[in-house]
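Scroll down for the structure; my scribbles are underneath it.
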Amino acid sequence: MELFRIHDDKFALLLDTPFELSKMENLIFALSEEMERLSFAYQNKNIEVEVHIGISFDHFEPLEKAQKALLVAKAENQPFVTYSEFANVLMSENEEAMEAMMKSAIENGQIVLHFQAIVDQNEEPFYYEALLRLAYHQTLQSPKLFLKIAKERNLYNALFESIAHKVAQLCDQTGLRLALNLSSEDLINTNHVSFLKTCFAEKSIVLEIQYDPKTPLGNLKKAMRELKDAGLMLALDNVELINEFEAGLIDVIKVHGDLIRNLALGASAQLTCKSLVVLAQSKHIQSVATHLNAKAVVEAARELEFDLFQGYIFEQPHSLV
């Protein structure tokens, strides 16, 4: 592994390693998270680090291709983008080509699901979270970028229904409890709620909701009650506060990754996490410590009496069939 400074704030990391998507993804996120923790004091100002990564797996002109991918990552404000035909189409700003590629990916099954277990205190799987991947010529693309473009091109509803159907089918095939990650914007869409109730009827499904404070809380709670009444489990993801949600509305909370990553570093994160765990217990909600990639953080989470755990230290994302 060699690191070179190219120009100003641009660096190149050259890594000679057998290609494996799950391990590469782990490395990418670990690098990004580690760098974003950095801060610098300069002239009485605190400077935070924002990280974007461009990736090339090619041996031919790898730095030039990684630079192109980096430009896409920065332009679209994504954590990483891999050089591929996908990135090239984005760079070309050819709207017809972009829309055709999106439709092809949805229709031809290039949107695939990997799963990662959320485990209990005995490290037995409690449920498996679906993680969206774009399987395009063995390249790894940021799911956030793909979802963003799908919304801009009016292809999101087709993508939403395609993914939900895949989760429902896998739930039937495996007999496992599976989770689908949704935005709070998804839940205030009445058509989406009706579709979810029908698609997941009598299935062992957890809906993980990425709560956005900008979402009207009353509308969100109404949708959540409707889904709970339909027999679905609800988890609130990236949680920092749960005071707004009454007991019985949520089954699981997943504590914000930044808090978990800092558990072994200082008392502030520990106190915040402990208060969340205690409040969750009082509301009969199970708590999940996420982004667990180090033994010290796992031990700190266990000491705080989290109920459930998730991270690469337990399991790499994988297919179920």
Residue selected from the range 181-207 under the condition among the charged types (D, E, K, R) and not in a helix (DSSP H, G or I), by the criterion modelled with the highest pLDDT: 203
Conditions (1) acidic (Asp, Glu); (2) within 30 Å of residue 269 (Cα to Cα); (3) modelled with pLDDT of 75 or more; (4) not in a loop (DSSP other than H, G, I, E, B): number failed by residue 25: (3)
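Looking only at residues that are at negative phi and in contact (Cβ under 8 Å) with a residue 60 or more places away in the chain in the range 287-305, which one is surrounded by the most Cβ atoms within 10 Å (Cβ to Cβ)?
288
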Some residue of the range 161-175 being in contact with an Asp or Glu (Cβ under 9 Å, 6 or more places away or on another chain), buried (at least 18 other Cβ atoms within 10 Å of the Cβ) and under 20 Å from residue 147 (Cα atoms): no
Long-range neighbours under 6 Å by Cβ, at least six apart or interchain, first residue within 25 Å of residue 78 (Cα to Cα) within the range 145-171, second of a type in the set (Val, Ile, Thr): 158/106; 159/106; 162/106
The range 198-239, residues that are in contact (Cβ under 8 Å) with a residue 24 or more places away in the chain, loosely packed, with under 13 Cβ neighbours inside 10 Å and of a type in the set (Asp, Glu): 202, 212
Residue 319, sole failed condition from (1) more than 25 Å from residue 205 (Cβ to Cβ); (2) hydroxyl-bearing (Ser, Thr, Tyr); (3) in contact (Cβ under 8 Å) with a residue 24 or more places away in the chain: (1)
Count - residues of the range 101-122 that are at pLDDT 80 or above and crowded, with 19+ Cβ neighbours inside 10 Å: 7
Conditions (1) over 23 Å from residue 287 (Cα atoms); (2) at pLDDT 95 or above; number of the one not met by residue 216: (2)
Selection count where residues are in contact with a Leu (Cβ under 9 Å, 6 or more places away or on another chain) and assigned to a loop (DSSP other than H, G, I, E, B), scope the range 306-315: 5
Residue within the range 33-52 that is within 25 Å of residue 102 (Cα to Cα) and at pLDDT 75 or above present: yes
In the range 123-180, the residues that are of a type in the set (A, V, I, L, M), assigned to a loop (DSSP other than H, G, I, E, B) and modelled with pLDDT of 85 or more: 176
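The values are calculated or read from the model by the stated rules, or taken from the named source; none is laboratory data. Fair warning: this is a prediction, and the values are worked out from it, not measured in the lab. Quick reminder, even Gly has a Cβ in these numbers, built from the backbone with ideal geometry, and neighbours come from all protein chains shown.
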